[in-house]
1. Listed residues V234, V181, V166, V185; which is open to solvent by 70 Å² or more (accessible area, probe 1.4 Å) and within 16 Å of the ligand (Cβ to nearest atom)?
2. Any residue in the range 282-296 that is away from the ligand (no atom under 14 Å from the Cβ) sitting within a Cβ distance under 7 Å of a residue that is outside any strand (DSSP E or B)? List the pairs, counting only those 6 or more apart or interchain.
3. Among the candidates V115, V135, single out the residue that is away from the ligand (no atom under 16 Å from the Cβ) and in contact (Cβ under 8 Å) with a residue 12 or more places away in the chain.
4. If we keep just the residues of the range 252-297 that are touching a helix residue (DSSP H, G or I) at 6+ places or on another chain (Cβ under 8 Å) and among the polar types (S, T, N, Q), which is least open to solvent (accessible area, probe 1.4 Å)?
5. Could you list, ordered by first residue, the pairs with Cβ atoms under 9 Å in which the first is in the range 222-241 and over 11 Å from S160 (Cα atoms) and part of a helix (DSSP H, G or I) and the second is among the aliphatic types (A, V, I, L, M) and within 13 Å of the ligand (Cβ to nearest atom), at least 6 apart or interchain?
6. V145 - would you say it is closer than 22 Å to Y210 by Cβ and buried (at least 18 other Cβ atoms within 10 Å of the Cβ)?
7. Mind listing whichever residues of the range 22-45 are open to solvent by 40 Å² or more (accessible area, probe 1.4 Å), at pLDDT 95 or above and either under 24 Å from E8 (Cβ atoms) or of a type outside the set (A, V, I, L, M, F, W, C) (or both)?
8. Out of the residues in the range 84-115 that are over 17 Å from S14 (Cα atoms) and aromatic (F, W, Y), state the one that is least open to solvent (accessible area, probe 1.4 Å).
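The values are calculated or read from the model by the stated rules, or taken from the named source; none is laboratory data. Since this is a predicted model, take the numbers as computed values, not measurements. Here the Cβ positions follow ideal geometry from the backbone for every residue, glycine too, while neighbour counts run over all protein chains shown. Ligands, DNA and RNA are stripped out before the accessible areas are found, and what is left, the full protein with its side chains, is counted by its heavy atoms. Shrake-Rupley method; radii C 1.70, N 1.55, O 1.52, S 1.80 Å.
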Amino acid sequence: MAEGFKIEQNHGKSRVRVTRVWRSVAGSGDLIVEWNVGVSLFSDCLPAYVSADNSAIVATDSMKNTVYAKAKECTEVMSMETFAVLLGRHFTSYYPQVTAAVIHIVEKPWERVAVDGQPHSHGFKLGSEKHTTEVRVEKCGTLSVTSGIEGLALLKTTQSGFEGFVRDHFTLLPETRERMVATKVTAAWRYPFAHVSDIPAKPFCFTQRYLDVKKVLADTFFGSPLEGVYSPSVQNTLYLMAKAVLNRFPDIASVKLRMPNLHFLPVNLSSKDNPNMVKFADDVYMPTDEPHGTIEATVSRAMSRM
Ligand SMILES: O=c1[nH]c(=O)c2[nH]c(=O)[nH]c2[nH]1
């Protein structure tokens, strides 16, 4: 409470870009990660807002420097979830006035290349979808860790339709059992670690889990290699994808999926003189993501915490 007003505040540094290289990691050559780090600190610094007293403020410039200093200290390979917990623990234990820290990281998808079928010891190329994490650490050690995927672009040329929806005065869309379906999945799931002491020591468990969840999501979207699986709507496919993740990983309590419906519109072109210039036969489409449908849901186990 200040001067009769309530103020909730936090401050931090966004888009701190850091690259860490670990040299000659056993059996695989150099390892590189490129992280885009966001730090938000919740601290008792009301006087800065109310009476221009900056004495409790941790400079956002110092937060940025801390990211580089801690990356330097990480001499062993580390997942970005573990790095985020490490940063959160540092900020909440080093500064008395900091009550909580939220660390957000997006990893740039550098992937090791193969040359003549052999993994390259120090060559990488950029992939597409990104691994994300958000970690909140409280001073008392209470923890929340979510991980996610951003930009997982998936497409099927068939085995998709959309029927039985509301038809009214404004409806033009024909019903179909044959269409393309494409999306760019954003996913987030929460781990069960409730305290900083619960974080597992195994360095790759978060990274491996990210790869496993991504595979379950994509495999469920596509179905088997030859027949595939029919999608009656993006909504139903989203639900089946989330359910598959929850069934496969009992320690994940809830999954949030955002799946835009990126349209491929049938192309029919005609004029009075040329009525059949381009007649659509499931072959020529106009891709467009503007506008696009937005389908989003969080699927949880009953009694989950997310
Ligand atoms: O899978 C779909 N879900 C919708 O909600 C929707 N709405 C729409 O126009 N096309 C589609 N497709």
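1. Working: V234 fails: open to solvent by 70 Å² or more (accessible area, probe 1.4 Å); V181 fails: open to solvent by 70 Å² or more (accessible area, probe 1.4 Å); V185 fails: open to solvent by 70 Å² or more (accessible area, probe 1.4 Å).
Step by step, each of V234, V181, V166, V185 is checked, and only V166 is open to solvent by 70 Å² or more (accessible area, probe 1.4 Å) and within 16 Å of the ligand (Cβ to nearest atom).
2. If the second residue must be outside any strand (DSSP E or B), the pairs left are D282/E178; V284/V267; Y285/M180; Y285/V267; M286/V267.
3. V135
4. Residue satisfying both the conditions and the ranking: S254.
5. Short answer, once both residue conditions are applied: Q235/M259; Q235/I295; Q235/A297; L238/M259; L238/I295; L238/A297; Y239/A297; M241/M259.
6. Working: closer than 22 Å to Y210 by Cβ: yes; buried (at least 18 other Cβ atoms within 10 Å of the Cβ): yes.
Spelling it out, V145 is indeed closer than 22 Å to Y210 by Cβ and buried (at least 18 other Cβ atoms within 10 Å of the Cβ).
7. R23, F42, listed by residue number.
8. Y95
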